[in-house]
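A short reminder: the numbers here are calculations on the coordinates, not readings from a lab. Values in this document were obtained by computation on a predicted structure and should not be read as measured data. Note: ideal-geometry Cβ built from the backbone for every residue, glycine included; neighbour counts use all protein chains shown.
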Amino acid sequence: MCSENLKMAEKIATVFGGTGFLARYIVPQLTKAGYRVRIASRHPSRARHLQTQGDVGQVQPVYAPVQNKPAVARAVDGADVVINLVGLLFESGKDQSFEATMVDGAANVAAAAANTGATTLIQVSALGADKRSASEYARCKALGEQAVVRVFPKATILRPSIVVGPEDGFFNRFGGMPAIPMIGGGSTLFQPICVGDVADAIMAAIHNPAAQGQTFELAGPTTYSFKDLINLMQSITYSKAPQIHVPWGVAELIGLVGSLAPVPPLTRDQVILLRSDNIATGTLPGIDALGVETAPIESLLPTYLVRFRNGGQYARA
């Protein structure tokens, strides 16, 4: 968008969790659609790379932790669209607990969006969100959804499975491991989805009034076991790292000890999550209901997993 067109753009979109993985793919689409974008984050300096995704001044990082009500209110002031991407994989202190971030924080964002008169609120949750779950992560994701809908009934809830892409936390985590743990034998099922498809789903939900007040399950086209995913990864990286079977009981002990680390390699809550398949239930509309056709992850993985090949991209198995 040129500067003259930017002056005409009056729509504002506020993206919470704007320094994360998914935001890299949402922000460019929002700027192309003519939005001024506020990147709301605890660490706004980490969003500087996103300022190049629009015209000068079109993308503005702002300080707004979701736990800070006044900061959240300032970040959404005048916004037409509010998108909450904030989530935690593990807890690290009182302010960064699942409840403070994914329940209370989500409620703060929704309340501010309602108060400012935003027309659209997108709450990105997770496949497997369940208030009855033994996992605190899954339980708080579900409670966060409820908290959002309570104050913003027309919010759109999106529940993605594992999101994969160049900056993901799944394949990039396992790609360089000298040995790969197969927790519970690696039988847990997943329906991973490409990050670009999730971004497309968010944009489709913004532009489709019929999506308001609905919950969508965002799952990829294929179901894999954890072991299938690791085998697929290793077929691309040519890795011969051994796959080590880790019984559930041993995994829970590792998770208990790991939870003591500042950045835990594994937590007990993550082990609990792995006991349940992470696949679409089929009881809610899927990504196809938003008009988005999903790509197979096999088309995306080689574009970034080759970095883990010994000898580089052109190395042979």
* What order do you get for L273, L127 when you list them from fewest to most C-beta neighbours inside 10 Å? -> L273, L127
* Asked: Quick one: F170, F308, fewest Cβ neighbours within 10 Å first, how do they rank?
  -> F170, F308
* Asked: Amide H to amide H under 5 Å from S97: which residues, 5+ apart in sequence or cross-chain, H placed 1.01 Å off N in plane?
  -> S92
* **Cleavage-rule hits (trypsin sites (Lys or Arg not before Pro)) in the range 110-219: DSSP loop, at most 11 neighbouring Cβ within 10 angstrom** => R132
* To do: Arrange the following residues from fewest to most other Cβ atoms within 10 Å of their Cβ: L218, L88.
  => L88, L218
* Structure fact -> Over 23 Å (Cα to Cα) among K94/K141; K94/K227; K131/K227 -> K94/K227; K131/K227
* What share of all Cα pairs of the range 21-167, in percent, falls into each consecutive 10 Å distance bin? -> 12, 41, 38, 9, 0
* Binning every alpha carbon pair distance of the range 31-109 at 10 Å from zero, what are the percents per bin? -> 18, 48, 28, 6
* Structure fact -> Computed over the chain, the distribution of all Cα-Cα distances in 10 Å bins, rounded to whole %, is 6, 25, 34, 24, 9, 1, 0
* **Residues of type aspartates and glutamates that K32 reaches as a straight line, Cα spacing below 18 Å, ignoring anything fewer than 8 places off in the same chain** => E4, E10, D55, D80, D197, D200
* Structure fact -> One would report the antiparallel percent of DSSP beta bridges in the range 159-317, rounded to the nearest 5, as 15
* Kirkwood Rh (inverse of mean 1/r, distinct Cα pairs), the range 80-236, angstrom -> 16.7
* To do: When a/c is below 1.5 the answer is rounded, else prolate if a/b is larger than b/c, else oblate, so apply that to the range 163-210 with a ≥ b ≥ c taken from the square roots of the Cα gyration tensor eigenvalues.
  => oblate
* Cα gyration tensor shape of the range 202-317, rounded if a/c is under 1.5, else prolate or oblate by comparing a/b with b/c -> oblate
